[in-house]
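No value in this document is a laboratory result; all are computed from the given coordinates. Note that the structure is predicted; figures quoted are calculated from it, not measured. Cβ sites come from the backbone with ideal geometry, for glycine too, and all protein chains shown count toward neighbours.
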4 protein chains.
Amino acid sequence: MKVSKVQYRVIYGDIDAMGITYYGNYFRWFEIGRTEFLRELGLCYRDVERWGFILPVTETFCKYISPAYYDTVVTIETKLAWLKKASLRFDYKILGQEDGLELANGYTIHACLDRDRKVVRIPSFLLDRLEGVKVLS
Amino acid sequence: MKVSKVQYRVIYGDIDAMGITYYGNYFRWFEIGRTEFLRELGLCYRDVERWGFILPVTETFCKYISPAYYDTVVTIETKLAWLKKASLRFDYKILGQEDGLELANGYTIHACLDRDRKVVRIPSFLLDRLEGVKVLS
Amino acid sequence: MKVSKVQYRVIYGDIDAMGITYYGNYFRWFEIGRTEFLRELGLCYRDVERWGFILPVTETFCKYISPAYYDTVVTIETKLAWLKKASLRFDYKILGQEDGLELANGYTIHACLDRDRKVVRIPSFLLDRLEGVKVLS
Amino acid sequence: MKVSKVQYRVIYGDIDAMGITYYGNYFRWFEIGRTEFLRELGLCYRDVERWGFILPVTETFCKYISPAYYDTVVTIETKLAWLKKASLRFDYKILGQEDGLELANGYTIHACLDRDRKVVRIPSFLLDRLEGVKVLS
């Protein structure tokens, strides 16, 4: 099972008055995670769109365990949780800098739409690469 | 049961290349919603912090039903879903401009912490006002 | 000379660890200001784009005088500073809640481009309305 | 003269409906740039704050030359433009991915304040390191 890892340094613009990352900014990290996951499979999301498909988020969740402080480097771990005909889910873990402590976890579910925003089957060029890394149940 | 309503106009800075609000920006709207909910109870979150308590988000969820387009005015509906000794949950609905169509819904769960980030009971000045509006089960 | 005014309440997601609005977020306020300015002239920026024109920012500036604190309501004042054949400039003032103190000021310069991102003359439907409110020199 | 370089990949959350980076998000990049500049001098901005000093932005400017597209990697170049008793200025260049084309440039001016937000001389631990890299005039 493939797990993609990418790092991000928390900036001042990410944090709030508590000195910790604003809860809404974790979803930017989830995006960074899944984009890297796809890139490691040779899939550029920009190309997915060029080929006429979009994968908008239909559902997301995040559990915050421990704060992500200013100027620390977090690791974003991403894996493919499941894959259906016209939708898929990514799971994420946000890990802390020194000790690899789990700071947060969550998921995003995506629908596969065409240019007219109609639900369509995930195209084969995408499906083939994703099937190779899907989680066995 | 109290439901707070507040409006927000989608700006260019909120949207992405699909011309619709970026999924991570809905969590700013949830914040606007719960702040107004508290304000209508005579509770300013700024004061909550001044009195030594913080209510960080420990869990959040959002389901995206229909896109929120640029320059439309969304309505954020907020209610208190439940209230425990040291935590509480707000539920949100995001409604569209003309037809009041439900664009998204979600929730945030908050812990009550003191200045040292230790979990504490929700203080009575907060609890008293929240209990008056809690959902009956 | 027309001056447009619109209000915005500072949220937790706007501020940083100093408890004040992150400097980069003022540019969202400038956008809110100029969109309202245009709307008051009967011009919806969404329509400008639909008719095939975009007005990207080519230059911006902001001077920060006094902090904009959490949960205060700022007033964004916008006026048209100048208007040329293919560009225009808006000036902004950010005013504080109670005393109307000037918290910041700045400007944005915009080019007029067509769909192919080529510089073009500002179209007459836009120019006519803007000329009526331009600053006399 | 020291020039610090750091890279950033443009995410979906950074761009707007034109498919290019929202003009207000460049100021996040400027922050990434100056933080790396200080870090290369052995100065962590987090420590500057711990020692009782803050360096809020008092003025900023950005000129946008060419768009920064989704999923491209930009390079942020930062240098110290000048250094006074109680203020300093950083200059930035944003460079494109393949050809190193200049996409934007700008600056930030910072005041040196103490914990009570009173203007103070830049402390020697900061001044000494910055003086070693200042631009000769």
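Annotations
- Selection count, region B:47-84, where residues are away from chain A (no Cβ under 13 Å) and of a type in the set (S, T, N, Q): 3
- Only one of the numbered conditions (1) within 12 Å of chain C (Cβ to nearest Cβ); (2) closer than 27 Å to C:Leu55 by Cα; (3) of a type in the set (A, V, I, L, M) is not met by D:Leu113, and that is (2).
- Condition check for A:Val120: in contact with an Asp or Glu (Cβ under 7 Å, 6 or more places away or on another chain) and touching a residue at least 60 places away in the same chain (Cβ under 8 Å): yes
- Those residues of region B:72-101 which are over 19 Å from B:Phe37 (Cα atoms) and of a type outside the set (Gly, Ala, Ser), in sequence order: B:Thr72, B:Lys85, B:Gln97, B:Glu98, B:Asp99, B:Leu101
- Identity of the residue in region A:1-21, within 19 Å of D:Asp14 (Cα to Cα) and among the hydroxyl-bearing types (Ser, Thr, Tyr), that ends up surrounded by the fewest Cβ atoms within 10 Å (Cβ to Cβ): A:Tyr8
- Selection within region A:6-46 - within 12 Å of chain B (Cβ to nearest Cβ), aliphatic (A, V, I, L, M) and closer than 29 Å to A:Phe125 by Cα: A:Ile32
- The selection criterion, being among the charged types (D, E, K, R), within 13 Å of the chain's Cα centre (by Cα) and closer than 23 Å to A:Arg117 by Cα, holds for B:Lys93.
- Qualifying residue in region B:85-107 (condition: touching a residue at least 40 places away in the same chain (Cβ under 8 Å) and at the interface with another protein chain (Cβ under 9 Å from one of its Cβ atoms)): yes
- Residues located in region C:21-37, provided they are in contact with a strand residue (DSSP E or B) (Cβ under 6 Å, 6 or more places away or on another chain), without any contact (Cβ under 8 Å) to a residue 60 or more places away in the chain and more than 17 Å from B:Asp71 (Cβ to Cβ): C:Thr21, C:Tyr23
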